[in-house]
Each structure stands twice: as C-alpha cells, then as structure tokens.
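Since every read-out is calculated from the coordinates, none of them should be taken as a lab result. From a predicted model like this one, the values you see are computed outputs, not experimental measurements. Glycine gets a Cβ as well: all are built from the backbone with ideal geometry, and neighbour counts include every protein chain shown.
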Amino acid sequence: MLWVTRHEPHVDRCASIWLIRNFIDKEAVFEFISRESEIPAGAVAFVLPKADLNPTKTQTTFEMLIQRYHVEDPVVLEIGRIIRDFEIDADEDIEKVKLKESTGISLALRGLARTSKSDHEIIYKGMIVMDALYAQLKARQEGADD
C-alpha cells in the first residue's frame, strides 16, 4: 500500500513509519510530498492537511496508528509513551521531557534530517534507530537488560 506524508520526517513520523512497516503493512511504500500537494488516490496519508491521520494536541500520529490498527505489542505501547512524552507532553522541547528515553530518541531521530541526503535515507536510518530502541526495550521488559 502507498503511504504519504510530508518531507523531512522527524520523531513522530519516523516512529510512525517504523510502526507501519513492522506492525501494520510490511509491504508499505512511502512517498513524501509537500503540504500543498494533492494526496494520491488510494494512498493512506498522514501528517498532511487533508489526511485522516494528523496529530492533535492530545494524541500523536503513532498513538493514532496503534489505535486504528489495534497494535497491542507492549513494547510498541511503551514506545508510544516515549514519543508522546516528547511530542505532546514536552511540546517538542527536549528540556521538558520526563522520560530519559525521550531525550535520546528525539535527538537521534531529529538529527537524521541533518545527516541524510533524502527523505528515504532518513527513514532508512530511522528504521535502524527504532529497531534498536525496540530491541533494548524488549530486553528490559524480559529482564535481560544488561
């Protein structure tokens, strides 16, 4: 399925793309468009003016995807809390986050735009970061955190 979002994905969108690819649509194809572009017919759009899925003052895109697609993995739910802490609770202000994980993941994901040449490179690198976060949180939940 084709999924479309804005250029330069940062924290919520990188995490959402990871969620989509790993728990919702393993064959997902992502396209990046401007705010002014028309949404392609048949595409699932997120974080765009006419999209169904847009973050609000009370819910991230990541959380909306979890609800809409009934993702129940406990590690994904923990990641949702981390994304929410940065995006909603701290209003994207690194000085206001409450969870230490929020600081690291937000710095890493936001920095990808500065070190990548394209949106697709951002998400390629973002998938690695999110896979690592998932693996570490899963190990911690299983009591294998070293």
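Given the peptides 52-58, 109-115, 18-24, arrange them by the average over their residues of other C-beta atoms within 10 Å, most packed first.
18-24, 109-115, 52-58
Label R81 and K98 with points 7 Å out from Cα along Cα→Cβ: what is the distance between them in nm?
Rounded to a tenth, the inter-label distance reads 1.0 nm.
What is the log10 of I(q)/I(0) for the chain, computed with the Debye formula using one identical point scatterer on each Cα and no solvent, at q = 0.13, 0.16, 0.21 Å⁻¹?
The calculated log intensity ratios at q = 0.13, 0.16, 0.21 Å⁻¹ are -0.54, -0.84, -1.47.
Give the long-range amide H neighbours of E31: residues separated by 5 or more places, or on another chain, with amide H under 5 Å away, using H modelled in the peptide plane at 1.01 Å from N.
Those lying under 5 Å, H to H, from E31 are W3, V4, T5.
Pull up the cross-link candidates among the aspartates and glutamates for K96, meaning alpha carbon to alpha carbon under 19 Å and not fewer than 8 places away within one chain.
Filter leaves D12, E78, D85, E87.
Checking the cross-link filter: which lysines have an alpha carbon closer than 25 Å to that of K100, excluding same-chain neighbours under 8 positions apart?
K57, K125, K138
Subtracting the Cα-Cα distance from 0.36 nm times the residue separation, let me have the gained length for D73 to K117 in nm, one decimal.
That works out to 12.6 nm of additional length.
Sticking with the crude label model, points 7 Å out along Cα→Cβ, report the distance from S37 to K138 in nm, one decimal please.
Once both label points are built, they end up 3.2 nm from each other.
Sequence neighbours fewer than 8 away in the same chain don't count; with that in mind, list the aspartates and glutamates whose C-alpha is under 17 Å from K50.
By straight Cα distance, K50 reaches E31, E36, E38.
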